[in-house]
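The values are calculated or read from the model by the stated rules, or taken from the named source; none is laboratory data. For clarity, every value in this text was computed on a predicted model and none was experimentally measured. We place every Cβ from the backbone using ideal geometry, glycine too, and count neighbours over all the protein chains shown. Remember, those area values only see protein heavy atoms, side chains included, never the ligands or the DNA or RNA. Shrake-Rupley method; radii C 1.70, N 1.55, O 1.52, S 1.80 Å.
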Amino acid sequence: GAIPPLVGLMKSESGAVEKGIAAFALGNLACNAVNAVSIVAAGAISPLVELASNGTDAANKAAAGALANLAHNDKNEVSIAAARAIPSLVDLATNGTGGAEEDALLNANDNEAVLNKAAKRPRIG
């Protein structure tokens, strides 16, 4: 399948452009519930959070979209909150450029449950 190589690219030393393309593909694949679980199991959340914070505008947008699609699964929501994705998404929504901030805001409804779970979860560390 396509998921392991795409997640591998996200974890590699590749540039933000390549990672953005991989994030976009993962976001599309995450529209399928089975794929969404496989993407998280492959370890994609942390690299997506990192890309949402430190990528190009297009890569930020792709990472935010992928995280939003992954958040449709309750277990994935918990994993996304545990990866401390919320500060990155809030920062992207308030400070993003090139349309990334709009995408983060549009995805806010999808991530609302993540925000709620993060607020109720005891802080560790």
>> Given the criteria within 24 Å of residue 12 (Cα to Cα), at pLDDT 80 or above, open to solvent by 40 Å² or more (accessible area, probe 1.4 Å) and over 10 Å from the mean Cα position of the chain (by Cα), does residue 76 qualify?
In response: no
> List, please: which pairs have Cβ atoms under 9 Å, are six or more places apart or on different chains, and start with a residue in the stretch 34-50 that is of a type in the set (Asp, Glu) and end with one that is open to solvent by 30 Å² or more (accessible area, probe 1.4 Å)?
Replying inline: 50/19
> Do we have any residue at all in the stretch 53-66 that's over 20 Å from residue 94 (Cβ atoms) and open to solvent by 60 Å² or more (accessible area, probe 1.4 Å)?
Replying inline: no
> Residue check: is residue 86 open to solvent by less than 20 Å² (accessible area, probe 1.4 Å) and either of a type in the set (D, E, K, R) or assigned to a helix (DSSP H, G or I) (or both)?
Replying inline: no
> Right, residue 109: assigned to a helix (DSSP H, G or I), surrounded by fewer than 22 Cβ atoms within 10 Å (Cβ to Cβ) and modelled with pLDDT of 80 or more or not?
Replying inline: no
> Which numbered condition trips up residue 18, out of (1) more than 13 Å from the chain's Cα centre (by Cα); (2) open to solvent by less than 60 Å² (accessible area, probe 1.4 Å)?
Replying inline: (2)
